[in-house]
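Here's the structure, in structure tokens; my notes come after.
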Amino acid sequence: MMTSVLFARVKVDNQINMYNGCGKKLLNPALSFGELTSAQWQPYPNGVFKKPNIQGMQRAAAEEEAKRPKRTFQMPGTGSAFS
């Protein structure tokens with residue numbers, strides 16, 4: 001998936017981002033431009049690229065998510081030994 005930010009008459013924050021099927025960012029950092037008025041995807045004929053393995057990407061995303069430390073919400077004033 002490709003997303004773009006286009007601001008007419010503004011020369012900052014114009015950029016293009018690309019994501020895979022699971023939402024992982026492919027361009028890090030995003031492609032930035034001084035002036036960007038349009039963005040288009042260039043299609044290719046069928047068979048030029050191999051079909052992505054969506055299940056493999058989902059499995060890799062789940063494994064990556066499992067490695068992250070879990071964050072829990074604590075009410076203000078309850079997480080300190082001094083409260």
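Got a number for residues in the range 16-28 being at pLDDT 85 or above and either more than 9 Å from the chain's Cα centre (by Cα) or farther than 19 Å from residue 53 by Cα (or both)?
Matching residues across the range 16-28 total 2.
Give all pairs with beta carbons closer than 7 Å in which a residue from the range 54-66 that is surrounded by 10 or more Cβ atoms within 10 Å (Cβ to Cβ) meets a residue that is not charged (D, E, K, R); count only pairs at least 6 apart in sequence or on separate chains.
Between residues of the range 54-66 that are surrounded by 10 or more Cβ atoms within 10 Å (Cβ to Cβ) and residues that are not charged (D, E, K, R), the close pairs are 54/21; 57/20; 57/21; 57/22; 58/22; 61/22.
The values are calculated or read from the model by the stated rules, or taken from the named source; none is laboratory data. All values reported here derive from a predicted model rather than from experimental measurement. Note: ideal-geometry Cβ built from the backbone for every residue, glycine included; neighbour counts use all protein chains shown.
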